[in-house]
Amino acid sequence: MATITGFGTAPEIAAEGYKLKKTVDGTDEAVLAQFDGQDVKLVRGAAIFGRDGHYEFALMVRR
């Protein structure tokens, strides 16, 4: 199940056995829908300037 975690939580997520695959951007709803049913963590990053509600996320997958 895809879940969003807060800014700065990547070290904790890595300790749980996940690694960075790539970055993605969009709204919370869009990225959760994109990865629905997958065992991934999306670590919230910076807000995207000029696009309300859009963020960059670090997509972390199980090792």
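For the range 24-59, applying the loop criterion from DSSP together with a ceiling of 12 other beta carbons within 10 Å to the chymotrypsin sites (Phe, Trp or Tyr not before Pro) yields PHE49. For ALA2, the residues whose amide H sits under 5 Å from its own are GLY37, GLN38, VAL40, ignoring neighbours fewer than 5 places away on the same chain, with H placed 1.01 Å from N. Helical runs assigned H by DSSP (4 residues or longer) give the chain a calculated mean residue ellipticity at 222 nm of -5000 deg cm²/dmol, each run adding -39500 (n - 2.57) before division by the residue total. The GluC sites (Glu not before Pro) found in the chain that occupy coil by DSSP, while having at most 13 further C-beta atoms within 10 Å, are GLU16.
The candidate values are (1) 11.8; (2) 11.5; (3) 12.4; the one derived from this structure for Kirkwood radius over Cα pairs in Å carries the label (2).
Bear in mind these aren't lab numbers, they're just calculated from the coordinates by the rules spelled out. Small disclaimer: the values here were computed from a predicted structure and weren't measured. A quick note on method: Cβ atoms are made from the backbone with ideal geometry, for glycine too, and the neighbour counts reach across all protein chains shown.
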